[in-house]
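Comments concern the structure below.
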Amino acid sequence: MTLLELFSVPFMQRALIAAFLVGIAAPAVGTYIVQRRLALMGDGIGHVAVTGVAIGLWTQTSPTWTAVVVAVAGAVVIEVVRERGHAEGDVALAMLFYGGLAGGVFVTGLAGTGASRLQEFLFGSILTISVDDLLVTMALSVVLIVLCVGLSPQLFAVSQDPDYAKVAGLPVRFYSILVAVLAALSVVIAMRTVGLLLVSALMVVPVAIVQQLTRSFRMTLLGAMGAGLVASVGGLALAAALSRTGANVQPGPSIVLVALAGFFLVWPIGAWLRRRRALVTPFPETSPEEKPVDEAHPHLHGEKCGHVAVEHGDHVDYIHDGHRHAAHVGAEGEHYDEH
Amino acid sequence: MSKSGSTVPADVPVQLLHGDVALSGRPVLREVDLTVNRGEFVALMGANGSGKSTLVRTLVGLNPLSAGRLELFGRTLSGFHDWSRVGYVPQRSTATGGVPASVWEVVASGRLTHRKLLRPLRSADRAAIRAALEVVGMGAYAHRGVAQLSGGQHQRVLIARALAGRPELLLLDEPTAGVDLPNQQALARALGRLKEDGATIVLVAHELGPLAPLVDRAVVMRDGRKAYDGAPLADADVHAQGFDAGHVHCDTGLNSAGSTAAPNAAVPTPLKEL
């Protein structure tokens, strides 16, 4: 069977349509996730969604819908814990992730369906996408893409500077939870193609590829959607091509490896651009008050050094060549800052 | 003497009465009264930890009041929704988002108070963004990435973002911190133009520098209380022991708003500008 013939098989066409839409939608959500510095959030939601899938298998209902419910609930919990900003927050999140994965495997065991059925969801499987699954994937993908592009001014502002967005009257909390819910939905639609354990890569790696080249958020968003599309369809084609040789390659790993290959291909260009930009970037400024004193300081200022002492809040400054020196005791001993 | 009904005319941009603020259970502001009248340029000054940044964040609703009453343009904070009249410039942080953003995009966020959902930028929005960039002298940098800017340039971009919304009341948190002198002068020119246009400006600063000639009134914070409210002070006066570590010299209260009350003669001036 040639590759072209393989793509004429119905299950392969369904897989292709799903990979096409998921490849666009997942990096669109991923751009906001990366902007909020939550690149690992997709992993967390993916782990939690395993329990959702297992509940679907156990109760003999659609794993897609049980995964939607559990993933959305998990994403909201993750966002609320993150927003509270407690020190124990990341431990709480870690426990949520472990619980999700362990619970999923445990419940699958209860259902007696065995690990192979679950593995379809963990690493993706092109063979198992039904027409119903495809319709759900198509509908959710379109919703995700429309919201990510249409609400980009609001979502950008909320992710870039939440304080400013709040003063601008935006419902910051609502938009933050919306981003978490969108991430949960993209995890679910991507689980048949990339799999729950690798879905986060399709959200993050395309963004990492294009942000080496871009200077604006809009170009990053659109570029990531393009890069995700190429990686997703390219990876699926690679897995399909290899399957002709008798290998049994899941689409998830090959999609992720194609995306990572893209990153390393673009890396030299990004490095060259960064060097060029570094030449036009001004040096960091320090205000006149904060300039460190470079000259060697032959004495410690004190009562008898001859420099005028000035009380300044909780410490004493010494006037030295027309500026103030304030003593600081640092790791390398006592030194003076200009002040 | 708490007031039940609003007696504030709708054109008083800020009125805070007996404001208490606690951050994670620790009282940070105590019994602060502050009225800012239309067209005034007020400098909030004081030592680090005196509560001046907390006060400005409280005025824009980022810190909840544990007691007292805050009105913006004659409406209590919970009933105030007209955020397009308010511009806020937060303290610049060195942290940027995980994804590149251009100067234009950051300033364009300033138009969100005027935009409807799912609509592209209108030509009026674009004109306001361009004008705001020109006011701060960053017109040539519109398509640069914000990560490539110096601290002073970044600060000017954040001010342009607030200006793009054409606010009547502008609150700035430490806009001169870590900014070199040429950028401070550019900032002073931009704020001077706004002041001429009748904007009300509240600015938190450790030292005023080139902004000093613009200031109509100084409010000095000390230990979470208002320690001075009156005519502008020289930087040296603010840093004099009286306000950094000593006792309260004067508390002229609300009635000094816009008055010409001279700084209390007891304020020592041991040092001129160094």
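The values are calculated or read from the model by the stated rules, or taken from the named source; none is laboratory data. Just so it is clear, the model here is predicted, and its values are computed rather than measured. Neighbour counts run over all protein chains shown; Cβ positions are idealised from the backbone, glycine included. Note: areas computed on protein heavy atoms with side chains; ligands, DNA, RNA excluded. Shrake-Rupley method; radii C 1.70, N 1.55, O 1.52, S 1.80 Å.
For this structure, a couple of remarks:
- For A:Val105, the stated conditions hold: it is surrounded by 13 or more Cβ atoms within 10 Å (Cβ to Cβ) and either in the same structural domain as A:Ala26 (by TED's automatic domain parsing) or not charged (D, E, K, R) (or both).
- Within segment A:70-85, one or more residues are closer than 14 Å to A:Leu196 by Cβ and out of contact with any Leu (no Cβ under 8 Å at 6 or more places or on another chain).
- In segment A:52-66, residue modelled with the highest pLDDT [restricted to those that are β-branched (Val, Ile, Thr) and open to solvent by 30 Å² or more (accessible area, probe 1.4 Å)]: A:Ile55
- Criterion (more than 12 Å from chain B (Cβ to nearest Cβ) and either of a type in the set (Asp, Glu) or under 27 Å from A:Val142 (Cβ atoms) (or both)) met by exactly one of A:Gly246, A:Gly235, A:Gly223: A:Gly235
- Every condition in (1) crowded, with 23+ Cβ neighbours inside 10 Å; (2) part of a helix (DSSP H, G or I) is met by B:Ile201 except one, and the failing one is (2).
- Sole residue being within 21 Å of the chain's Cα centre (by Cα) and more than 8 Å from chain A (Cβ to nearest Cβ), chosen from B:Asp125, B:Asp82: B:Asp82
- The single condition from (1) under 30 Å from B:His143 (Cβ atoms); (2) out of contact with any Phe, Trp or Tyr (no Cβ under 7 Å at 6 or more places or on another chain); (3) open to solvent by 20 Å² or more (accessible area, probe 1.4 Å) that B:Arg85 fails is (2).
- Residue check, B:Leu163 within 22 Å of A:Ser216 (Cβ to Cβ), in a helix (DSSP H, G or I) and more than 8 Å from chain A (Cβ to nearest Cβ): yes
- Only residues that are open to solvent by 10 Å² or more (accessible area, probe 1.4 Å) and within 8 Å of chain A (Cβ to nearest Cβ) were counted in segment B:177-187, giving 5.
- The lone exception for B:Arg75 - which of (1) facing chain A (nearest Cβ under 8 Å); (2) touching a residue at least 40 places away in the same chain (Cβ under 8 Å); (3) of a type outside the set (Phe, Trp, Tyr); (4) more than 27 Å from B:Arg193 (Cβ to Cβ) it fails: (1)
Table: residues versus (1) open to solvent by less than 30 Å² (accessible area, probe 1.4 Å); (2) within 14 Å of chain B (Cβ to nearest Cβ); (3) closer than 16 Å to A:Pro251 by Cβ; (4) part of a helix (DSSP H, G or I).
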site: A:Leu122; (1), (2), (3), (4): yes, no, yes, yes
site: A:Leu134; (1), (2), (3), (4): yes, no, yes, yes
site: A:Leu144; (1), (2), (3), (4): yes, no, no, yes
site: A:Leu155; (1), (2), (3), (4): yes, yes, no, yes
site: A:Gly169; (1), (2), (3), (4): no, yes, no, no
site: A:Phe174; (1), (2), (3), (4): no, yes, no, yes
site: A:Ala180; (1), (2), (3), (4): yes, no, no, yes
site: A:Ala184; (1), (2), (3), (4): yes, no, no, yes
site: A:Gly195; (1), (2), (3), (4): yes, no, yes, no
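- Once segment B:131-146 is narrowed to residues that are surrounded by 15 or more Cβ atoms within 10 Å (Cβ to Cβ) and over 21 Å from the mean Cα position of the chain (by Cα), the residue that is nearest to the other protein chains (Cβ to nearest Cβ) is B:Gly145.
- Hey, A:Leu4 part of a helix (DSSP H, G or I), open to solvent by 60 Å² or more (accessible area, probe 1.4 Å) and either of a type in the set (Asp, Glu) or more than 14 Å from A:Ile189 (Cα to Cα) (or both) or not: yes
- Residues in segment B:88-120 that are within 8 Å of chain A (Cβ to nearest Cβ) and open to solvent by 60 Å² or more (accessible area, probe 1.4 Å): B:Leu117, B:Leu118.
- Figure legend. Inter-residue proximity from segment B:102-131: first residues within 13 Å of A:Leu155 (Cα to Cα), second residues loosely packed, with under 13 Cβ neighbours inside 10 Å and not basic (Lys, Arg), beta-carbon distance below 7 Å, spacing 6+ or different chains. No pairs are indicated.
- Any hit, segment A:272-288, residues being within 30 Å of A:Pro27 (Cβ to Cβ), surrounded by fewer than 17 Cβ atoms within 10 Å (Cβ to Cβ), modelled with pLDDT of 55 or more and away from chain B (no Cβ under 14 Å): yes
- Here segment A:26-48 is the region considered, the condition is being open to solvent by 10 Å² or more (accessible area, probe 1.4 Å), over 26 Å from A:Val107 (Cβ atoms) and touching a helix residue (DSSP H, G or I) at 6+ places or on another chain (Cβ under 7 Å), and the residue that is nearest to the other protein chains (Cβ to nearest Cβ) is A:Val34.
- Checked against the criterion of being within 25 Å of B:Pro100 (Cα to Cα), of a type outside the set (S, T, N, Q) and either open to solvent by 10 Å² or more (accessible area, probe 1.4 Å) or touching a Lys or Arg at 6+ places or on another chain (Cβ under 9 Å) (or both), segment B:164-172 has at least one qualifying residue.
- Matching residues, segment B:6-22, being at pLDDT 90 or above and either surrounded by fewer than 16 Cβ atoms within 10 Å (Cβ to Cβ) or of a type outside the set (Val, Ile, Thr) (or both): B:Pro13, B:Gln15, B:Leu16, B:Leu17, B:His18, B:Gly19, B:Asp20, B:Ala22
- One residue alone among A:Ile24, A:Ile78 is farther than 19 Å from A:Val158 by Cα, touching a residue at least 12 places away in the same chain (Cβ under 8 Å) and assigned to a helix (DSSP H, G or I), and that residue is A:Ile24.
- Any hit, segment B:223-230, residues being aliphatic (A, V, I, L, M) and modelled with pLDDT of 80 or more: yes
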